[in-house]
Amino acid sequence: MEELTKQQPGGAASYTDKLSKYLIVYVAILILAGLQFVIAYQHVDVGTMIFRMFAIAFLEAGLAVVFFMHLGSENRVFVTWVALVTLFVFAALQYSWTDSYRMERDSPKSFQNGPPQ
Amino acid sequence: MSHSDLAMDAHSAVHERSSPFAIPTKKLAMWLFIIADAATFAACLLAYGFLRNGSQNWPTPFKFYPTVVNAMVMTFILVTSSLTMFMGVRSAKQGNRGAAFRWTVITAVGGAIFAILHLREWMSMIDEGVRLFKNPWGNDLFGASFFTITGLHLTHVVIGIVVLLVVGGRYKSGRLNADDLEITGLYWHFVDLVWMFVVPLIYLLNVQK
């Protein structure tokens, strides 16, 4: 038990929480993962399917990050920093989507009625 | 040296020793790695989304059995291994080295089963004629994106298994402490977390209906 008293700040206290809490999180993640498989066989368009699956994936990831990785009990400034940097990187990566529609239609949106004269 | 110089030296020494964000330096380094690695996976998944969205003949070849069932089993194993990793770190934080080592080995075994199932699936796809730049179903880039993304993830799993066994063994022998095992656990949970995004994008959007 000596190590328990030597712990540095950074979420260590969370490891003294009740085990049942983590078992509930584990079951919740499994149920959410199962839900993704159900959604895969729904007859909806790809956009709706991606939205639903991603919503569930982010929920699963959130549970894993907050409880298993204990980000929730880290320093508040650090949590905010991690969240902001991650969101910024993910947002910056979205720039290419519009171009994928151009690929699909073989021409930029502004060219769809013919090339400019 | 004057009294004020001594006070300043003591102040700067304390300042240098305190870790940023009040968390241990090794843990901070792991979090920085996780953010960078998350960006790598996000870029790969977005590139895949770009190709899939921009292609009119993207194949949807995955049958319920064996591919989707295999993905379900792999998901179950990886999520369960996250729980066993948590149990290992929890035991380590309570100073129980034996239990911590056992849970860490169980986690590594879970990872190994995951890797074997994954490789078995790769082999069956290769048998069906799927290669990096051709496949029998449609868009040639399907194989490239599938093998690249699942391969990157599988590489992380294999590295994780090795690291778990090494860190677990060194923790048991007293050369590493509970914090080191916790940091290894962060990596393993991240590998599990990435799989939660790989499954819907790579497998479930391409199921045969």
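The values are calculated or read from the model by the stated rules, or taken from the named source; none is laboratory data. Remember, predicted model here, so these are calculated numbers, not experimental data. In this analysis, Cβ positions are derived from the backbone assuming ideal geometry, glycine residues included, and neighbour counts consider all displayed protein chains.
Put simply, of B:ARG120, B:ARG52 the only residue that is modelled with pLDDT under 95, more than 14 Å from the chain's Cα centre (by Cα) and among the basic types (Lys, Arg) is B:ARG52.
Just a yes or no: is a residue in region B:102-115 basic (Lys, Arg) and either surrounded by fewer than 17 Cβ atoms within 10 Å (Cβ to Cβ) or in contact with a Phe, Trp or Tyr (Cβ under 9 Å, 6 or more places away or on another chain) (or both)? No, there is no match, as no residue in region B:102-115 is basic (Lys, Arg) and either surrounded by fewer than 17 Cβ atoms within 10 Å (Cβ to Cβ) or in contact with a Phe, Trp or Tyr (Cβ under 9 Å, 6 or more places away or on another chain) (or both). Somewhere in region B:74-88, is a residue assigned to a helix (DSSP H, G or I) and farther than 18 Å from A:ALA64 by Cα? Checked against the condition, which is being assigned to a helix (DSSP H, G or I) and farther than 18 Å from A:ALA64 by Cα, region B:74-88 yields no hits at all.
If you go through region B:34-86 and keep only what is more than 8 Å from chain A (Cβ to nearest Cβ) and free of Cβ contacts under 8 Å to residues at least 40 places away in the same chain, you end up with B:ALA36, B:TYR65, B:VAL69, B:THR84. Selection of region A:75-117 for residues being among the hydroxyl-bearing types (Ser, Thr, Tyr), under 16 Å from the mean Cα position of the chain (by Cα) and at pLDDT below 85 yields an empty set. Taken as a whole, the condition of being at pLDDT below 95 and within 30 Å of B:ILE77 (Cα to Cα) applies to A:GLY11.
Just to be sure, is A:GLY72 under 20 Å from A:ASP17 (Cα atoms) and modelled with pLDDT under 85? Judged against the criteria, A:GLY72 is a match. Restricting B:VAL166, B:VAL158, B:VAL73, B:VAL68 to residues that are modelled with pLDDT of 95 or more and in contact with a Gly (Cβ under 9 Å, 6 or more places away or on another chain) narrows the list to B:VAL158. B:ASP140 meets each of the listed conditions (1) charged (D, E, K, R); (2) away from chain A (no Cβ under 12 Å); (3) touching an Asp or Glu at 6+ places or on another chain (Cβ under 8 Å) apart from (3). The residue of region A:11-47 that is nearest to the chain's Cα centre (by Cα), among those that are more than 9 Å from chain B (Cβ to nearest Cβ) and under 20 Å from B:PRO61 (Cα atoms), is A:GLY47. For beta carbons closer than 7 Å, sequence separation of 6+ or different chains, a first residue in region A:21-40 that is without any contact (Cβ under 8 Å) to a residue 60 or more places away in the chain and in the same structural domain as A:ALA61 (by TED's automatic domain parsing) and a second that is polar (S, T, N, Q) and surrounded by 14 or more Cβ atoms within 10 Å (Cβ to Cβ), the qualifying pairs are A:ALA33/B:THR75. Take B:THR107 and decide whether it is assigned to a helix (DSSP H, G or I) and of a type in the set (S, T, N, Q). Taking the combined requirement at face value, the residue satisfies it.
State all residues of region B:118-177 that are aromatic (Phe, Trp, Tyr) and within 25 Å of B:PHE76 (Cβ to Cβ); if no residue qualifies, say none. Residues satisfying the conditions are B:TRP122, B:PHE146, B:PHE147. Does region B:158-178 contain any residue that is in a helix (DSSP H, G or I) and facing chain A (nearest Cβ under 9 Å)? The answer is yes; a qualifying residue exists.
Taking the criterion of being surrounded by fewer than 20 Cβ atoms within 10 Å (Cβ to Cβ) and touching a Leu at 6+ places or on another chain (Cβ under 9 Å), the only residue of region B:170-191 that qualifies is B:ARG170.
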